[in-house]
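Everything on this sheet refers to the single structure shown next.
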Amino acid sequence: MMGPTAELHVHIEGTLEPDLLVRLARRNGIDLPTYDVDELRATYAFTRLQDFLDVYEANTAVLRTDEDFAELGEMYFRRAAAAGVVRAEVFFDPQAHVRRGVPIEAVVEGLGAAVDAARSRGMSADLILCFLRDLGPEAAMEVFEAALPLRDRFIGVGLDSTEVGYPPSLFRDVYARAAAEGLHRVAHAGEEGGPDYVWEALDVLGVERIDHGNRALEDPALVARLRDEGVALTVCPLSNLALRTAPPELSAHPLPVMLEEGLLVSIHSDDPAYFGGYVDDNLQQVRDALQLDDETMRRLAENSFVSSFAPRAQVDGWI
Ligand code: ES4
Ligand code: ZN
């Protein structure tokens, strides 16, 4: 059992386990290639980001009503609590649903109900709205404006999906709007894209955290910037293994280098239903593979709290 931690990098659509996928498909009359949970799990196998994103996107088709989103969120928050998560900042991709004709209110209110339920059980939880970068900046602005009436239901914006070819600078305007609304800003960068994408996320989008950021290690000046400004990196080891964005052995993961460089890194799960584990599994597996001592494990948990957008008083209570 791992100690308490904050989960800062998890996509709610990436928590769709095969059994819930089948149940929602049946309920909503959606065709699946198979209704056998084991066969479905076998399709949860990829070696590149784009192959994963194709399966991830196809499976979102079963999510249609606010009850579906509430149930997805509910399942996640219960599993997260069992993993030791006391603070969760959960990404959602409204464009993945709105473009299938699902009202944005169903997405946000459904997930919001799950957030309320998790809070009533004692967890600190919030939502972060992500833009699908491959749909471009105009679509991002459009969904942002559609979400503004629901502004109280999310604390920040993020940027995810296919990275290479969609640099952060494309999203300058919508991030400026988000900043003006007092929203937090994060972005996936340096997962498949190079260090230049991390620079842009910092300089053009003004992000407070970098999601992944592994490839920042290729640029010593960038490493110095991240260290000096205390920019958090949300690292997802089992995701990196599944998508080959790190060496194929967890024992060769760059986490120790990140720690030695003095970077504010913490461990997260990304898409736990697809990558073989929730945050507790990620923590346990890096501890075992990299032979991390208790002090380092405490440091990783403390970093997760320090990097969170929870109120200062809450953070002080956790560290
Ligand atoms: C994602 Cl692993 C990953 N990378 C980029 N975008 C994503 N959306 C969901 N998971
Ligand atoms: Zn991610």
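Bear in mind that the values in this text are calculations on the coordinates, not laboratory data. Keep in mind that what you see is a predicted model, and the values were worked out from it rather than measured. Neighbour counts are summed over all protein chains in view; Cβ atoms, including those assigned to glycine, are modelled from backbone coordinates with ideal geometry.
The listed residues are A88, A25, and the only one of them that is within 15 Å of ligand 2 (Cβ to nearest atom), over 16 Å from G276 (Cβ atoms) and in contact (Cβ under 8 Å) with a residue 24 or more places away in the chain turns out to be A88.
Note on the stretch 285-295: residues that are buried (at least 16 other Cβ atoms within 10 Å of the Cβ) and either in contact (Cβ under 8 Å) with a residue 24 or more places away in the chain or outside any helix (DSSP H, G or I) (or both) total 5. Against the conditions (1) part of a helix (DSSP H, G or I); (2) touching a Leu at 6+ places or on another chain (Cβ under 7 Å), where does L127 fall short? Just the number, please. Only one criterion is unmet by L127, namely (1).
Conditions tested, residue by residue: (1) surrounded by 18 or more Cβ atoms within 10 Å (Cβ to Cβ); (2) farther than 22 Å from D126 by Cα; (3) more than 16 Å from ligand 2 (Cβ to nearest atom).
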{"residue": "G230", "(1), (2), (3)": "no, yes, yes"}
{"residue": "N240", "(1), (2), (3)": "yes, yes, no"}
{"residue": "S266", "(1), (2), (3)": "yes, no, no"}
{"residue": "N282", "(1), (2), (3)": "yes, no, no"}
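Suppose the filter is part of a loop (DSSP other than H, G, I, E, B), within 16 Å of ligand 1 (Cβ to nearest atom), aliphatic (A, V, I, L, M) and closer than 27 Å to P237 by Cβ; does L205 pass it? Explain how you work it out, then say what you get.
On the way: part of a loop (DSSP other than H, G, I, E, B): yes; within 16 Å of ligand 1 (Cβ to nearest atom): yes; aliphatic (A, V, I, L, M): yes; closer than 27 Å to P237 by Cβ: yes.
For L205, the condition - part of a loop (DSSP other than H, G, I, E, B), within 16 Å of ligand 1 (Cβ to nearest atom), aliphatic (A, V, I, L, M) and closer than 27 Å to P237 by Cβ - is met.
Could you grab me the full set of residues in the stretch 154-168 that are in a loop (DSSP other than H, G, I, E, B), touching a helix residue (DSSP H, G or I) at 6+ places or on another chain (Cβ under 7 Å) and β-branched (V, I, T)? Within the stretch 154-168, T162 is the sole residue that qualifies.
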